[in-house]
Amino acid sequence: MAEEIQQAPRVPCRGEIDFWIGSLRFSGYYSDISTKGIYIETMNPPEPGTRFKMRFTLPGYQRAIEVEGVVIWSRVPMGMGVQFVALTQDDYAAIKNFTATAQTQ
């Protein structure tokens, strides 16, 4: 599964992200993204296999992306690699456009 995430081009970027595990809300920063997943910087990442909901906005975009993800790997106190689960077509297109544009700059 982790290999699938790495096949999509990752783009370094930074933004705030909120995520919910059950009824608990957490905040952190993301530092790279692809159409397959995202890296979230957080001091206390959950264990691999944990599913959760997240919300973030891409740099230069106004609309927030809300998606479910699953933790593929985590390292305390650094962060976690997360695979997206069921991106909407609009969210996939926004991330794909953002990563393609960022790669050409």
Here is a list of conditions, (1) modelled with pLDDT under 95; (2) over 13 Å from the mean Cα position of the chain (by Cα), and residue 88 meets all of them except one; can you say which number that is?
(1)
Residue ID - farthest from the chain's Cα centre (by Cα), chosen from residues in region 91-105 that are within 14 Å of residue 36 (Cα to Cα) and among the β-branched types (Val, Ile, Thr):
99
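The values are calculated or read from the model by the stated rules, or taken from the named source; none is laboratory data. Note that the structure is predicted; figures quoted are calculated from it, not measured.
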